[in-house]
1. In region A:228-251, which residues are at pLDDT 85 or above and not in a helix (DSSP H, G or I)?
2. Could you tell me whether residue B:23 is at pLDDT below 90, surrounded by fewer than 22 Cβ atoms within 10 Å (Cβ to Cβ), within 13 Å of chain D (Cβ to nearest Cβ) and assigned to a strand (DSSP E or B)?
3. Please verify whether region E:84-101 includes one or more residues that are part of a helix (DSSP H, G or I), among the acidic types (Asp, Glu), out of contact with any strand residue (DSSP E or B) (no Cβ under 8 Å at 6 or more places or on another chain) and at pLDDT below 85.
4. Pull up region A:351-403, narrow it to residues that are surrounded by 15 or more Cβ atoms within 10 Å (Cβ to Cβ) and of a type in the set (Val, Ile, Thr), then point me to the one that is nearest to residue A:337 (Cα to Cα).
5. Out of all the residues in region B:52-79, which are in a loop (DSSP other than H, G, I, E, B), at the interface with another protein chain (Cβ under 9 Å from one of its Cβ atoms), acidic (Asp, Glu) and touching a residue at least 24 places away in the same chain (Cβ under 8 Å)?
6. Limited to region D:247-272, what total is found for residues that are within 23 Å of residue D:215 (Cα to Cα) and not in a helix (DSSP H, G or I)?
7. Tell me yes or no: at least one residue of region D:384-393 is at positive phi, of a type in the set (Gly, Ala, Ser) and buried (at least 24 other Cβ atoms within 10 Å of the Cβ).
8. Would you list the helices (runs of 4 or more DSSP H) that sit entirely within region D:111-200 and hold 2 or more residues that are more than 10 Å from every other protein chain (Cβ to nearest Cβ) and in contact with a strand residue (DSSP E or B) (Cβ under 6 Å, 6 or more places away or on another chain)?
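The values are calculated or read from the model by the stated rules, or taken from the named source; none is laboratory data. Since the structure is predicted, the reported quantities are computational estimates derived from the model, not experimental observations. Note that we place each Cβ from the backbone using ideal geometry, even for glycine, and neighbour counts take in every protein chain shown.
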Amino acid sequence: MTFATRTWDRMSLTSRLVAILVPLALILAVGSVVGILVILPATMDFLRANLPLVRFAVAVVGILVLTIPTAFVLIYLELKIIARMNLRVGPNRIGPWGAAMSLIHGFKVLSKEDFTPTGADLPVFTLAPVVTFLASVMTLLVIPFAPGLFGQDLNIGLLYFFAMGGLSVLGLLMAGWASFNKYSLLGGLRAAAQIVSYEIPLTLSVVGVVILAGTMSMNRLVLAQSGSALDWFAFKQPLAVLIFFIAATAEANRTPFDMTEADSEIVAGFATEYSGMRFGFFFFAEYVNVFIVSALLATLFFGGWTAPFNWPWPYNLNWLDASGIGVLWIPIAIIATVVVADVVAVAVRLVGGRSWSAPSAFGLGFLAAGVGIAAVVGLACFIAFDWVQGIFWFMTKTYVFVFTFVWMRGTLPRVRVDQLMGFAWKWLLPASLLNLFVTATAVVLLNQ
Amino acid sequence: MDRSLKRRLEARLSSQLRGPVRQRHDQTEIRIGPGDVPDVLRTLHDAVDLRFEILADLAGVDTGQEMQVVYHLWSETASDWLRVIVEGISRDDPRCPSATFLWIGAEWPEREAYDMFGIVFEGNRDLRRIFMPPDYTSFPLRKDFLLPDDAARSPGAGVRHVERPHAPAVVAGDPAAGIRRAPAS
Amino acid sequence: MPIGDTVPLTAIRWDDILFVVLAAMLLGSALLVVTMRDIIRCGLAMIAAFASLAGIYVLLGNPLIAATQVLVYIGAISVLVLFAIMLTQTKNAPARLVFQTQAWAAALAAVVIAAVIAISVTATTWPSAGAVAWTDTTRVAELLFSDYLLPFEVVSVLLTAAVVGGVLLARRDPDENEEDRP
Amino acid sequence: MPTRQRATQPDGATQPDGATQPAHAARTSQAARASQAATAKAQRQRPPEQYRSDDDPRIMLDREVGADLFEPIPPYPVRTEREAEFYTRGDGEMFLNVGPHHPATHGVLRLVLKLSGEQVVDVDPVLGYLHRGVEKICENSDYYHVIDQVDPLEYVSSLFQEWAAVLAFEQLMDVEVPPRAEYIRVLTSELLRVSSHTLFMGFLALDLGGLAPILYSFIERDEIVEMLAALTGARMLFNYFRIGGVNGDLNHEFLSRLGDWMSRAAKQTEANTGLLNENEIFVRRARGVGILDREMALRFGVTGGNLRASGVPFDVRRAHPYSVYPQLDFNVPTRLEGDSLARYLIRMDEVRESIRIIDQCLHNMPDGPVMAKLPRLLRPRPGRAWGAVEGPRGMLGVYAISDGSDQPFRFRIHDPSFLNLAVVPYLLPGNLLADTMAIVSSLDPVLGGIDK
Amino acid sequence: MSGSLDSYLVLSGLLFAIGTFGFLGRRNAISMLMSIELMLNAVNLTVVAFGAFVKPLQTHAAVIALLVIAVAAAEATVGLAIVIAIYRNRKTPLVDEYDSMSE
């Protein structure tokens, strides 16, 4: 007792920490190894037996977890792209090129006071952002990111998508009503009128694609466009692409159709009275919506995850196979990193001489090695795994459309509310009906 | 200086003019009484050889003894600005006919003159305070209203002469503090 | 060991639990719809009722109807109802009297109806009632465009008429508008 | 007569129980009857004495929030006929407070809108949030100090306000201004006119939801204020004009910056206006909105680009020439449409004319002194003077009365934004809420000048 | 429980009864419309339940349910339009104050 206390008293802070942490880590390590050895087979059996359920759970968790980073990336992109269009620099203080800006936005939103105005309808006020956010996120469930990489392949996928997407208007309406603010009320009513109106051409424009593909499952819609870019529905349904794009802009409340939060007219519309994380939910929902709409545009009309040309389908690289030499590639990659870093560092020192200090030369070498090996591994994965290819093409297409949405926001003024509604009912709806009629006639005539 | 304008004005308005038509630089000045305002303004606006269509400015003036309302007019027919001074408005109960029957835009300057001097424009249908808060109780541009460091002694502060005729118009204090210096013209 | 139809170690089926929960939600929110004072909350409770009904449709093996339920009832009709509530809500709208004076008679009628239905349903043996089977969406489409073509067309004409009628009814006459304004 | 009754009426403060009838009782319309009922109701529900803000009918009191859902506005005893009319709500109408803190009101303007749905039925502008009593302050400062008192009035283009004051004082004192000083005044103020109009373009686009043009117009503005800063030492409130001349001759940095800018000003202006002129959404938002015809524009006393957009070629520089404008060659652009788009296009035309004037000033600039000889203490003879200049927003006037002392006896500032804004209650009704911003913004008000 | 047709039918009957009570008992016209929607939903639930349990009815039930939903949408549109039109004239959503046809 005395011995232990005396020793403890004599130890420095660091050694005390070590004395606590090392045994703890040891116990944890041993425990986890034992635990894994004992539990792993049973767990694996259990998981394998319930593969569809497990897959679904993992997909849902993954989607929920991935929405926030997606929104962060989109917010950063928007800040930066619009800044460049306005001849500004944009965020440049936090992280390299301001890349951590939206992370700080997230923290800011989290740490702000969550304010409820007097006279607000508290439960409705609180539920509204949740409804909006969930309505956006749940639509991600049916979007195929890559072959085999989707939440659930519903055979009524498209219908599910529109059903869930239509829910977001409820959240906006609730927010507008519950805020006890006339600006919010106007914003909520505008949102209801606008989204309900634009949902009709949005849905109708897709029916042509459904007729052509003969399915509402998103996966099969993508497969129906596989091959080259010429098989994309965009070329068979050009009018539908246009209608869908315009209606989707209105559906996602983006400029020039951002009537619901027109800041120069109704302050912030339905979000006027929201602050803190409740506002954050609206904010995230908006950007997730942009992503979803772009993803849907890519999926329905631009071939989804398929490559735009006849890509030699996943080439089986034997040397990458996990069952063969596979596992050895990890130590090989580590050794290669060190070797390449050393070689580059020595080369830099020889060529650059005294202008490079040893640490910076080694740092440069490490960077070069890292980038090079990551590129090699990425390329190998791209060649060998179809889902890596799928994600690559899908994300490329999606972010092209995301860029288009941001571009529009940077350049276009806002339309007026009556112009907006008139456009939906006088132009988009007849155009989508015409598109549907022509498509159906063509299918009937060509099939005979 | 537009000599012909002087002749035309004297011909048209001989009965209403109080005093001679004065001219200096590019400005011609006439003086009329408050009762003649609608007639004179309509003549100036409508007469074919005058056609003063643009009301450039409407200002209130407190000379210390009386209130004045000053109109500045512009016409294509004259190379001078025309200044119409309505003089002889009582300080205790300043009233003047409104010009809104001719120029709707005079509504706000009249409100301003009411706000600053307490001049009541009869016929202006929206004679509220425009700059000062609605519960403000004096008229800041009057000569007996002193700037804030002296405001407590200012006889004009704290009383709405016009809106409460039953209230004493002069508050106890230094009566000489009301008028700081001799009025002009 | 795969997760079976029943809760492990008991004989309770997962579907039963889901059914009970959804049915409770459905009935509870439906009761709230007809009893709550604040009509906007009635509307929100109605949405909850529709959502739980959609869940029950999925239990019944009919995701197509469930999706349509969400799309039409929640996405369109509820929004319309909320819209109408906001248009007609005045400061005296949450009236002191929520119910008619004869509401007790209505309650009695409702109880009688419920009892009659429950008794008659349980007393009847339905012919050829089997287990729940999932509905084939493609088959529904085929049926809709062959056997049910006439009803389909009639419904579409009805919808068009409803849209036109709704617009005409709810449109404010410009002349009348002028008179209204004092 | 209603106003007479109102004027002799004891107000609410003396009789808190509010037993008196409102002043407009003579009016037998439905509106009057309805507002009487509303008044009586409001008086019955009056909050206790300590919570009342004497007689402002439009203040939303904490006590009343939630008592009447969305109905804080129905007034206490109305004060004027117009107020009675405005605060009587028709069927399905509501009041909406836009401002004083609103993203699109160009300062602390407050518009109380009466809306039917999204349609504006009536509007009551409320001013005075920026009132500082500049006229009173000027009457208590000597003639030299007046110039820096009027400087921050129209803070977007402050040289014009200085010029009007200086013009009036020079007439009071019969000072002859050296020609070089006049040319410098024209040169600098035309530069500022370009800056102001360019800024107008950006803010109009911003109020219509376009993000980009405001940043492009700030580039122009920044170059101009930088070159003026090189000349005057300040970027915003220049305090450069003096009675009898200007404060300091042109310097090298100013001229080199100016030459730099002039070499591409015309092209840059075309590029910037192209951002909006060729934008279909912008043109459709602005065309046919807020039409002010010639007759009404004259009756409202509107001046400047707003009047010229309605077809009246009234420009003080031509209509009543001052300074060296008679010797300069420029056009006064006019348009007939009188809508928001015309008001925008007129200003863009004026930018081109201003660039022409700047060019001529640079070429015709005479040599000589830039200040007249004046005594240290100015005591003009008693008299009255009116100086008016054409500012970017219209005619800026100063009416000065001298009583022979070293301070102006009366100093009246006429700001064009004030009368331009008075048109808003006429232009807005019938338009949508979204057009409110397009119209108010196209009139280009600057609240610093309006509120004095 | 979930495997028997009876439970669904009883549930549907209860929902229908609640709707009936709302329709007969509420004063607000919009409340009454909402109650009608509940009753229509109860009917729909019956149809779908029969479809799920009775083999030959299966797809037919789905088609009928779709048609019912479409009709319900039309009914809601017209009903709400009528309510709003009446509200414009009478300034109240309460049906027991719609006591005269004239005026």
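1. A:232, A:237
2. yes
3. Just the residues of region E:84-101 that are part of a helix (DSSP H, G or I), to begin with: E:84-90, E:95-97.
Of the ones still in play, those that are also among the acidic types (Asp, Glu) are E:96-97.
Among the residues that remain, those that are also out of contact with any strand residue (DSSP E or B) (no Cβ under 8 Å at 6 or more places or on another chain) are: E:96-97.
Now narrow it down to the ones that are at pLDDT below 85: E:96-97.
Checked region E:84-101: at least one residue is part of a helix (DSSP H, G or I), among the acidic types (Asp, Glu), out of contact with any strand residue (DSSP E or B) (no Cβ under 8 Å at 6 or more places or on another chain) and at pLDDT below 85.
4. Filtering first and then ranking leaves A:373.
5. B:76
6. From region D:247-272, those within 23 Å of residue D:215 (Cα to Cα) are D:257-272; that's our starting set.
Restricting the remaining residues to those that are not in a helix (DSSP H, G or I) gives none.
Number of matching residues: 0.
7. Applying the first criterion (at positive phi) to region D:384-393 yields none.
For region D:384-393, residues at positive phi, of a type in the set (Gly, Ala, Ser) and buried (at least 24 other Cβ atoms within 10 Å of the Cβ): absent.
8. Working: elements: D:134-139, D:143-150, D:158-173.
Passing ranges, in order: D:158-173.
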